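Each remark here refers to the structure printed beneath this line.
The values are calculated or read from the model by the stated rules, or taken from the named source; none is laboratory data. Keep in mind it's a predicted model, so treat the numbers as computed, not measured. No Cβ is skipped: glycine too gets one built from the backbone with ideal geometry, and neighbour counts run over all protein chains shown. For accessibility, only protein heavy atoms count, side chains too; no ligands or nucleic acids. Shrake-Rupley method; radii C 1.70, N 1.55, O 1.52, S 1.80 Å.
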Amino acid sequence: MGVFPGHAIGTTATTDHRMLTRIPLDWSFARAAAVPVAFLTAYHALVDLADVQPGERVLVHAAAGGVGQAAVQLARHLGAEVFGTASPAKWPELHRLGLDDTHVASSRTLDFEDAFNDATGGAGVDVVVNALAGDFTDASLRLLAADGRFVEMGKTDLRDAESTGVDYRAFDLLDVDPDHIALLLADLVDLFERGALAPPPVTERPAHRAPDAFRLLQRAAHVGKAVLTLPAAPDPDGTVLVTGGTGTLGRLVARHLAERHGVRRLLLLGRRGADAEGADALRAELAELGARATFAACDAADRDALAAVLADVPDDHPLTAVVHAAGVLDDATVGALTPDRVRAVFRPKVDAAWNLHELTRDLPLSAFVLFSSVAGVVGTAGQANYAAANAFLDGLARRRRAEGLPATSLSWGLWEQASGMTGHLDRADVARMARGGVAPVPTGEGLALLDTALRLDVPHLVPVRLDRDGLAGDAAGLPAVLRGLARPAAPTRTSARRRTAEPAPAPAPGWDGAANGSGEEERRESLRALLHSQVATVLGHDSPDRVDAGRTFEELGFDSLTSVELRNRVRTATGVRLPATIAFDYPTIPVLADRLLSDLADAGNRS
């Protein structure tokens with residue numbers, strides 16, 4: 001750390017070696033960046049220029065800022081009695097630095113002059129470290145004792161030294177001889193390592209958000225120092241932890257990190273660890289890519305177990321990134337949810353994520369990636385527990401970013417490559433998702449999206465492949481957040497032929513035989529044809545001919561989720577309210593058609 005002339009901002013900068021010193025071992029780069037200029041400025045002002053002595057009184061203006069906090073600490077270390085000004089909202093920061101109410105005043109009004117005159121019995125102060133201007137400078141000069149020293153750092157209102165009638169000094173740190181800078185840096189590092197000084201609070205902003213950081217400085221809305229940070233790549237000598245590391249997505253991520261990002265140390269967590277199926281093959285494959293894999297049988301939701309695994313990470317290969325890819329599905333409609341089913345999904349997602357957050361928050365991680373799901377964004381039938389768990393991950397990422405910690409939550413859509421969570425999905429499940437506008441993400445595309453996410457400074461992203469056909473048509477049937485993307489489907493010859501070949505939808509509520517001149521048997525056949533078509537759609541078939549109307553819905557492959565969708569589609573077509581369990585209460589197409597016929601007849605009689 002040190003001083004870089006020329007306002008250097010970038011990945012590489014050049015300076016005189018005498019203006020650099022080592023970073024204390026337990027400091028982050030952001031903390032190190034916040035210290036040199038602020039503390040060198042304060043040290044030179046108080047020691048070299050003002051020659052502060054024990055028992056003297058020192059007034060530090062803008063004392064909650066970076067240089068101000070450095071000056072308060074150094075003056076107290078030198079044995080001085082310190083007074084400080086800051087906006088009232090920042091007074092707690094001055095109290096934290098050891099100043100009581102009689103030694104604190106506002107930097108927004110001139111009341112500090114009378115307040116500090118009273119506090120010193122009219123004697124005033126021996127040294128002023130100034131960062132204000134205009135009337136505030138005049139009031140500060142009046143506060144100065146006859147033999148006092150006035151050190152001007154703000155330089156927005158420079159005065160003629162002779163006209164002030166005091167020992168008036170204005171300076172620029174870059175005018176100080178580099179050999180002397182080297183001595184000051186060595187003294188400061190010693191003071192920090194002995195605990196005599198503490199770094200100021202740091203507000204971090206990524207470099208591409210520099211305008212936000214400068215607006216923050218302009219408003220003086222921060223305390224301590226504001227630091228611009230550059231995105232950090234995973235350290236090849238560091239360790240990257242992957243939860244669900246022996247699962248399908250965990251393996252894909254591990255291989256990708258080794259092959260594309262040059263990661264050489266991988267800590268793969270799973271319930272079975274090295275005993276998981278395919279672990280030996282994965283270890284060998286990663287070794288061929290130049291990476292060493294360590295498998296740990298650990299439930300990350302068990303805080304103590306996770307802490308023990310993290311404690312075993314070697315010091316020469318410290319943890320530098322986390323990818324939380326673990327998860328469990330236990331789908332059920334809301335009525336069938338139980339506390340156990342909620343806990344089964346929350347434990348590997350929510351509990352594990354929170355443990356990872358708390359146990360690594362003090363580590364200098366380059367990335368903290370949470371594999372979330374689009375279910376938490378758009379909602380999916382039968383996945384209330386899973387949606388809530390993933391919404392928590394999205395919120396955790398935003399909380400970490402607000403605390404200045406790395407975090408990216410990725411609300412993935414369905415990956416094309418089947419995993420332990422999605423291997424049970426059949427044609428009907430995939431077709432249902434497509435009707436909701438979500439298509440499977442090819443593996444290569446998913447990994448490319450992961451790379452893009454790692455380059456972006458966004459706490460929450462939704463990498464989903466949208467199906468344009470699924471988004472076309474009736475917007476009301478889509479999740480609310482996707483309705484704005486829906487547009488009417490353009491008619492084609494194929495769709496026109498399909499509409500003429502398919503049976504006409506059943507009439508709306510109140511329909512009866514007199515409405516269309518049909519007898520009861522014709523109405524029954526019309527309803528059976530309608531149900532035949534809807535069942536084929538729900539099951540993902542391209543033609544009703546592929547559905548055997550004589551088999552039960554359960555034999556055809558219906559579950560609680562497909563039953564709900566069939567109920568919704570039949571209600572839309574006929575207006576008849578039916579339970580979500582229609583596929584089990586009315587087990588075949590003919591039985592369900594008879595129920596619909598009865599309800600429609602009753603509705604017609606009532607009308």
With 0.36 nm assigned to each residue of separation and the Cα-Cα distance removed, Arg219 to Ser366 gains 50.0 nm
In terms of modelled amide H atoms, which long-range or inter-chain residues lie less than 5 Å from the amide H of Glu81? Gly55, Glu56, Arg57, Val58
Helix 384-402 vs. the chain, principal-axis angle (Cα, 0 to 90°, nearest 10): 20 degrees
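Using only helices, what value at 222 nm comes out for the chain when you add -39,500 (n - 2.57) per DSSP H run of length 4 or more and divide by the total residues, to the nearest 500 deg cm²/dmol?
Roughly -12000 deg cm²/dmol at 222 nm, from the helical runs in the chain.
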At 1.4 Å probe size, with the rest of the protein present, what percent of the exposed accessible area of the chain is carbon and sulfur atoms? 51 percent
So what's the angle, to the nearest 10 degrees on a 0 to 90 scale, between helix 279-288 and the longest Cα principal axis of the chain? 50 degrees
Taking 7 Å along the Cα-to-C-beta vector as the label spot, tell me the Asp212-Ala549 distance in nanometres, rounded to one decimal. 6.0 nm
What order, most packed first, do the peptides 146-156, 30-40 have when packing is the mean number of other Cβ atoms within 10 Å of each residue? 30-40, 146-156
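Share of antiparallel DSSP beta bridges in the chain, in percent to the nearest 5?
Just about 5 percent of them are antiparallel.
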For Gln417 and Asp48 in one chain, what is 0.36 nm times their gap in residues minus the Cα-Cα distance, to one decimal in nm? 126.1 nm
His460's amide H: which non-local residues (gap 5+, or another chain) put their own amide H closer than 5 Å, with H modeled 1.01 Å from N in plane and none for Pro or chain starts? Ser409
Estimated inter-spin distance, Asp177 and Asp157, nm [label 7 Å along Cα→Cβ]: 3.5 nm
Of (1) 34.6, 118; (2) 34.5, 113; (3) 24.0, 70, the label for Rg and Dmax of the Cα atoms in Å derived from the coordinates: (2)
If you fit an axis through the alpha-carbon atoms of helix 178-193 and take the longest principal axis of the Cα set of the chain, what angle between them do you get, 0 to 90°, nearest 10? 60 degrees
Under the rule of at least 5 residues apart or a separate chain, name every residue whose amide H is placed under 5 Å from the amide H of Leu414. Val441
Using packing as a proxy for protection, rank 522-529, 285-292, 252-259 so that the peptide with the highest average count of other Cβ atoms within 10 Å comes first. 252-259, 522-529, 285-292
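For Glu277 and Asp147 in one chain, what is 0.36 nm times their gap in residues minus the Cα-Cα distance, to one decimal in nm?
Working: separation 130, 0.36 × 130 = 46.80 nm, distance 8.11 nm.
That pair, Glu277 and Asp147, stretches by 38.7 nm at full extension.
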Pairs of Cα atoms under 8 Å, at least six residues apart: use those to get the relative contact order of the chain, whole percent. 8 percent
In nanometres, what is the gap between the two model label sites at Glu358 and Asp542, each 7 Å from Cα along Cα-to-Cβ? 5.4 nm
Partner aspartates and glutamates for Lys349 [C-alpha distance under 16 Å; skip if fewer than 8 residues away on the same chain]: Asp299, Asp302, Asp330, Asp331, Asp340, Glu358, Asp394
Excluding residues fewer than 8 positions from Lys155 in its own chain, the lysines with Cα under 29 Å of it are Lys90, Lys225
For the chain: accessible area per residue (Å², 1.4 Å): 48 Å²
Calc'd 3J(HN,Hα), the stretch 33-41, phi into Karplus 6.51 cos²θ - 1.76 cosθ + 1.60 (θ = phi - 60°), Hz, glycine/Pro = x, comes to 5, 7, 8, x, 5, 4, 7, 5, 4
As I understand it, the dipole of the chain uses +1 on the Cβ of Lys and Arg and -1 on the Cβ of Asp and Glu, about the Cα centre. Which of Gln417, Ala139, Thr452 lies farthest toward its positive end? Gln417
Quote the accessible area belonging to Glu113 in square angstrom, nearest 10, computed with a 1.4 Å probe and with ligands, DNA and RNA left uncounted. 30 Å²
